[in-house]
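Notes follow once the structure below has been shown.
Please treat every number below as a calculation from the coordinates, not as lab data. Since the model is a prediction, treat every value here as computed from it, not as a measurement. We place every Cβ from the backbone using ideal geometry, glycine too, and count neighbours over all the protein chains shown.
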Amino acid sequence: MPESLSAAHILAEKIDRDGPIALSEYMSIANMAYYAAKDPIGEDGDFVTAPEISQMFGELVGIWLADLWMRKGRPDHVHYVELGPGRGTLAADARRAMGKFGCDPDIHFVENSPVLKAKQATLHNSAAWHETIDSLPTDAPLLVVANEFFDALPVEQFVSTEAGWRHHMVARERNKFIAIPGTEAIQNQVSSASAGLPVGTILESSPVSVQILGELSNRIAMQGGVIVIIDYGYDRPGTGSTLQAVKDHLPVSPFDSPGTSDLTAHVDFHTLGNIAKTRLLSVHGPAEQGQWLKALGIDQRAQKLAESDPKQADAIRAAHHRLTHLDEMGRLFRVMAATSMDWPEPEGFVYGEG
Ligand code: SAH
């Protein structure tokens, strides 16, 4: 991207002109530029996601969806909706697996990166693309999948100061971006609910995530279906910043070269679960990714794949380890599902209802 269009340049101009901006705006502009500029996923990129590690991941998501669909009585018309489908790998593996059970939904991708849209199109020529969830169809149940989508959505932060709670803002100091408390006092529930927390405490929230899940939950409540969210995150309300940036598979400062690294924050499953419940969906989990995949049969699937292709056995074992082991993605990543009242209870949530 030419320097004049880079996220750093746009952000610097804006801050120099208007003063410090909200952290959520910084994150939104940086990530929009980041995903528009390149395909960042995979060993050659900045980070690797579960579907890129092994076909087993998408296949199990597909079998899980097909199982729900069958127990619902095989409705003729359903839509598979994926939020931020990346390279389209998860959808390809899931569709293949669903197809074995006769489940052949229409395909809808919510994606705003032109580079990734083009990649997705090479695997899914019959898909429909949506810039936002607003244009998703209203005529049939939705099977919604979001893997590492919500972590990319902007967060805002509140910081406690001697003078009370303030928004975390992004300013410029000696040509560098820095986070500072805003000057305006915050008159809302943050200040009353969190009285007594020490100066310097940070509270984080993602209003964009809440809005997207709220609207999708309304749709699922009316149209029927399910959403499954797979991401790293936390189950209980907490304090502290979880904002992080990754480039070339290594952590970097979120304030260094915005638009050239992947900015993410941990997903607040507690709040998202509550949002779905207020829309009268049944919430399942969050479960640990490793437990969920094991409950769906990843051990047996890995065994079978290794037996049918012995040359790949070591690679399959390594992928299984990465997806399920507690020290890898097995515990940090969570799986949470929300179903409409008239749909059956999904498999895999060994911890019971959340
Ligand atoms: N789910 C994929 C990719 C995860 S990366 C996988 O597991 O491999 C995040 C994805 O979300 C990318 O496809 C990115 O372009 C998309 N994305 C990020 N912010 C978005 C937004 N606000 N609207 C739509 N898509 C977004």
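Values as computed for the structure displayed
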quantity	calculated
Euclidean distance of C-alpha centroids, region 117-146 and region 196-254, integer Å	22 Å
Student exercise, the chain dipole from Lys, Arg, Asp, Glu Cβ charges, in Debye to nearest 20	360 debye
Computed [θ] at 222 nm, helices only, for the chain once each DSSP H run of length n ≥ 4 contributes -39500 (n - 2.57)	-11500 deg cm²/dmol
Pair D256, V208: separation of 7 Å Cα→Cβ label points (nm)	2.3 nm
Cβ-based charge dipole, region 191-285, positive-most Cα from H270, V283, P254	V283
Which of A179, V155, L142, positive extreme of dipole for region 132-183 (C-beta unit charges)	A179
29 Å Cα-Cα reach of K14 towards lysines, excluding residues that sit fewer than 8 places from it in its own chain	K38, K117, K176, K247
Size of charge dipole - region 208-354 - debye, nearest 20, with Cβ of Lys, Arg +1 and Asp, Glu -1, no other charges	100 debye
Ranked list, fewest to most other Cβ atoms within 10 Å of each Cβ, for V246, V283	V246, V283
Full-stretch length increase - V199, Q244 - with 0.36 nm per residue and alpha-carbon distance subtracted	14.0 nm
DSSP-defined antiparallel bridges as percent of all bridges, the chain, nearest 5	60 percent
